[in-house]
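These notes concern the structure reproduced below.
The values are calculated or read from the model by the stated rules, or taken from the named source; none is laboratory data. Remember, predicted model here, so these are calculated numbers, not experimental data. Cβ sites come from the backbone with ideal geometry, for glycine too, and all protein chains shown count toward neighbours.
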Amino acid sequence: MLESSSNYFSPDKGSTPADARPSARELSLTGIERALWPHSPKPPKNLAFALAIALFRHGALTRDETARIGLIGTRRFPIVDRALRIEPLLEYRRHVKADSDGSIRTVLDVRRLTRGGRVESIEAVTIPHREDLTLCLSSQVGCALACSFCATGFLGWRANLTPGEIVEQHAWAERLAGRRVTNIVFMGMGEPLLNYENVIEAAYRLTRTEGAQVSHRKIVISTAGVVPMIRRFTREAHPFQLFFSISSAIPEKRREIMPIEATYCLQELREAMVEYLASRKRNRLVTIEYVAIPDVNMGEADVEALRKFVDGLPCILDVIPYNAVGDRYRPPTWAEVKNFTTAIGSLDIPVKIRYSGGKSVAAGCGQLAADQVTAATPGGHMTAPPGIFSDLH
Ligand code: SF4
């Protein structure tokens, strides 16, 4: 295991709170061009493109890097300086690399957010698999949904990340992994559909020519089942994939594991899944995620309930063996996972056992923010605060 907490990178210290210039990292290509116009003697289209390529495709983090990679010389950079801030939105805190599979868990501070004198942090994980490198992104600081198997859920909701902060995780990921990201999953900290506009904007930016150029088919947004936003996603026909986490098909049990069940029940979720599937030209199956917890949701009654839930629903079941977070549950043995998947084999649907990259460095599914929970929330489990769903449309 390689661990680093040294100063991997010191960001430029250029801006002050009174600095009125927008951050280039929060703007689209068009936004950058618009910001440059008043400061540029000639149309700044090429300059905007060079800047965007440096920041978003090549992940430049310092002013020097931006100038070098974007080929922006001393004649043109003053125009950028007058119009925009370019220092990073996130600050590197540390990363740890798993010997076992090369997964890298990176902790990044969100520079604009402090709590109790401490800068808030998020985590991003890269998981290599043959030619592919999957990046698991965070969309929020903490999460309001309080799933009982998830460390982030213990933190409660703290803030939504901006599109720039979401996209910048990609730059750090490629820098630390030393290779291109091929797949992106919104399965890190936070419920992406509770930060809907910013997540969708970030996902599009990650596909762009001047951006990371990840194929939209390789971007997955995983939701715990925020039904109104699933319906909105379906109406708006975004090209990314949605995955749906249920973790139990028994309503009472699901309510214990995933408190969102009390607001959007399995039946509504299933209807929203059917609508989503019907709207898709390419996807023939919906992906259902199931965190398998021994002595909780891996018994005969659970398989029977799943049978009813998937009946008539073209789907694939992603079984995610529970990863240790606290001492409420224990991870399943391999034999238990095998027995469970054999039992659900009788449901006649494709079943996959999800590999959780980086378990050895607490980067597996459900483990992100485990350090912060240990530090800040000894015991106890937060429940979703009232009213968090009230503005959804
Ligand atoms: S599993 Fe996802 S939705 Fe549930 S608490 Fe964790 S981050 Fe939030």
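Some observations on this one:
- Residues (assigned to a strand (DSSP E or B), surrounded by fewer than 24 Cβ atoms within 10 Å (Cβ to Cβ) and away from the ligand (no atom under 13 Å from the Cβ)) located in region 232-255: Gln241
- Taking region 121-204 as the region of interest, the strands (runs of 3 or more DSSP E) fully inside it that hold 3 or more residues being within 11 Å of the ligand (Cβ to nearest atom) are 140-143.
For every residue, the table says whether it meets (1) more than 26 Å from the chain's Cα centre (by Cα); (2) under 25 Å from Arg232 (Cβ atoms); (3) modelled with pLDDT under 95; (4) assigned to a helix (DSSP H, G or I).
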residue: Met273; (1), (2), (3), (4): no, yes, no, yes
residue: Tyr276; (1), (2), (3), (4): no, yes, no, yes
residue: Glu289; (1), (2), (3), (4): no, yes, no, no
residue: Asp295; (1), (2), (3), (4): yes, no, no, no
residue: Ala301; (1), (2), (3), (4): yes, no, no, yes
residue: Glu304; (1), (2), (3), (4): yes, no, no, yes
residue: Phe309; (1), (2), (3), (4): yes, yes, no, yes
residue: Asp318; (1), (2), (3), (4): no, yes, yes, no
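- Contacts under 8 angstrom Cβ, first residue in region 213-231 being buried (at least 19 other Cβ atoms within 10 Å of the Cβ), partner among the charged types (D, E, K, R) and part of a strand (DSSP E or B), 6 or more apart: Ser222/Glu289
- Exactly one residue out of Ala292, Ala249 is closer than 23 Å to Thr152 by Cβ and among the aliphatic types (A, V, I, L, M): that is Ala292.
- Counting the residues of region 17-71 that are under 17 Å from Gly164 (Cβ atoms), in a loop (DSSP other than H, G, I, E, B) and of a type in the set (S, T, N, Q) gives 2.
- Test set (1) free of Cβ contacts under 8 Å to residues at least 40 places away in the same chain; (2) under 26 Å from Glu201 (Cα atoms) - Ala159 fails condition number: (1)
- For the residues Val96, Val167, Val107, the requirement of being assigned by TED's automatic domain parsing to the domain that holds Arg328, over 21 Å from Leu194 (Cα atoms), modelled with pLDDT of 95 or more and in contact with a Lys or Arg (Cβ under 6 Å, 6 or more places away or on another chain) singles out Val107.
- Residue list for region 257-268, restricted to those being surrounded by 16 or more Cβ atoms within 10 Å (Cβ to Cβ), assigned to a helix (DSSP H, G or I) and within 14 Å of the ligand (Cβ to nearest atom): Ile257, Pro259, Ile260, Glu261
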